[in-house]
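The values are calculated or read from the model by the stated rules, or taken from the named source; none is laboratory data. Keep in mind that this is a model prediction, so the values were computed, not measured. So basically every Cβ, Gly included, is an ideal-geometry build from the backbone, and we count neighbours across all protein chains shown.
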Amino acid sequence: MSAATSAAVDRLADATGRVELHDVHKAYGTLEVLRGVSLTLEPGSVTVVLGPSGSGKSTLLRVVNHLEKVDRGFVAVDGELVGYRRRGRTLRELTERDVLRQRTRIGFVFQSFNLFPHLTAVENVVEAPVAAQGRPRAEVEAEARELLARVGLADKADARPRQLSGGQQQRVAIARALALRPSVLLFDEPTSALDPELVGEVLDVMKDVARTGTTLLVVTHEIGFAREVADTVVLLDRGVVVEQGPPSQVLDAPRHERTRAFLQKVL
Ligand code: ADP
Ligand code: MG
């Protein structure tokens, strides 16, 4: 661990919903996908990550959830290192069990919904809080039905995924992520697989979630959502943060040529 990284670990504050990436590097073989990414997400803030295909956006989300290990630097959620604990000046890997415990504090919504096809909507929502958090099924089920009502699916609680539209499936996936009562929610292009007329209903649910104080980290090409909801917009290109700031700056007055070029393609 470098002296700068060590000092940054020392400064980690114990704040629920805070996410910090410090000088994060990640390579697959010789392909360097993240090349020194540093970002801070304040509790309850909404951060939208934009960037060309292959720029490392999904990898960025995966290191936050410890689905990938970082090669250098660190990620911290709620003031706690992700996947590691500190021993003097070295970082020791957490046990599998502790990694799973950490992961339940972070919700993940994927482009492809990833619902269990053989389970009903409510069963999909109930699964993780019972299996991973050991909460009582009856209590979780009552909460799951409330969450499904909140995403507009009270009448679909007992339907299976194949009976639901893509937009409805994605709203079940959001309810499922919320059921873990996460301090941080990660979204990886949650509307990219949807027919255009179904995008709005999912973005509306995300806006509602944003108002509740959960920290959101959202990869999306929906610039309108970024403009309306994001506190911070980040432009990632070839594994580095090219630009970050409020939407009014990054989207309307970008400082970097690469940001301008990217926005011209998606707007
Ligand atoms: P984005 O989400 O911005 O499109 P990704 O983070 O998915 O980008 O991928 C960044 C680069 O890393 C791409 O070139 C991709 O092919 C590569 N990559 C992603 N995951 C793996 C993996 N598990 N093994 C090897 N290469 C990968
Ligand atoms: Mg991706």
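Kindly evaluate residue 228 against the criterion of being over 26 Å from residue 102 (Cα atoms) and either part of a helix (DSSP H, G or I) or aromatic (Phe, Trp, Tyr) (or both). I'd like the intermediate steps shown before the answer.
Values: over 26 Å from residue 102 (Cα atoms): yes; either part of a helix (DSSP H, G or I) or aromatic (Phe, Trp, Tyr) (or both): yes.
Judged against the criteria, residue 228 is a match.
Identify all residues within segment 194-232 that are within 16 Å of ligand 1 (Cβ to nearest atom) and without any contact (Cβ under 8 Å) to a residue 40 or more places away in the chain; write none if there are none. Result: 222, single match.
When segment 177-191 is filtered for residues that are β-branched (Val, Ile, Thr) and either free of Cβ contacts under 8 Å to residues at least 24 places away in the same chain or within 16 Å of ligand 2 (Cβ to nearest atom) (or both), only 191 remains. Of all the listed residues (205, 209, 233, 199), the sole one being assigned to a strand (DSSP E or B) and modelled with pLDDT of 95 or more is 233.
Return the only residue of 92, 97, 101, 86 being assigned by TED's automatic domain parsing to the domain that holds residue 64, touching a Phe, Trp or Tyr at 6+ places or on another chain (Cβ under 8 Å) and either assigned to a loop (DSSP other than H, G, I, E, B) or modelled with pLDDT under 95 (or both).
So the residue among 92, 97, 101, 86 that is assigned by TED's automatic domain parsing to the domain that holds residue 64, touching a Phe, Trp or Tyr at 6+ places or on another chain (Cβ under 8 Å) and either assigned to a loop (DSSP other than H, G, I, E, B) or modelled with pLDDT under 95 (or both) is 92.
Let's see how each residue does on (1) surrounded by fewer than 20 Cβ atoms within 10 Å (Cβ to Cβ); (2) more than 7 Å from ligand 1 (Cβ to nearest atom); (3) not in a strand (DSSP E or B):
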{"site": "32", "(1), (2), (3)": "yes, yes, no"}
{"site": "36", "(1), (2), (3)": "yes, yes, no"}
{"site": "39", "(1), (2), (3)": "no, yes, no"}
{"site": "47", "(1), (2), (3)": "no, yes, no"}
{"site": "63", "(1), (2), (3)": "no, yes, yes"}
{"site": "73", "(1), (2), (3)": "no, yes, no"}
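Here is a yes/no grid of residues against (1) surrounded by fewer than 20 Cβ atoms within 10 Å (Cβ to Cβ); (2) touching an Asp or Glu at 6+ places or on another chain (Cβ under 9 Å); (3) basic (Lys, Arg):
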site: 127; (1), (2), (3): yes, no, no
site: 171; (1), (2), (3): no, yes, yes
site: 187; (1), (2), (3): no, no, no
site: 196; (1), (2), (3): yes, no, no
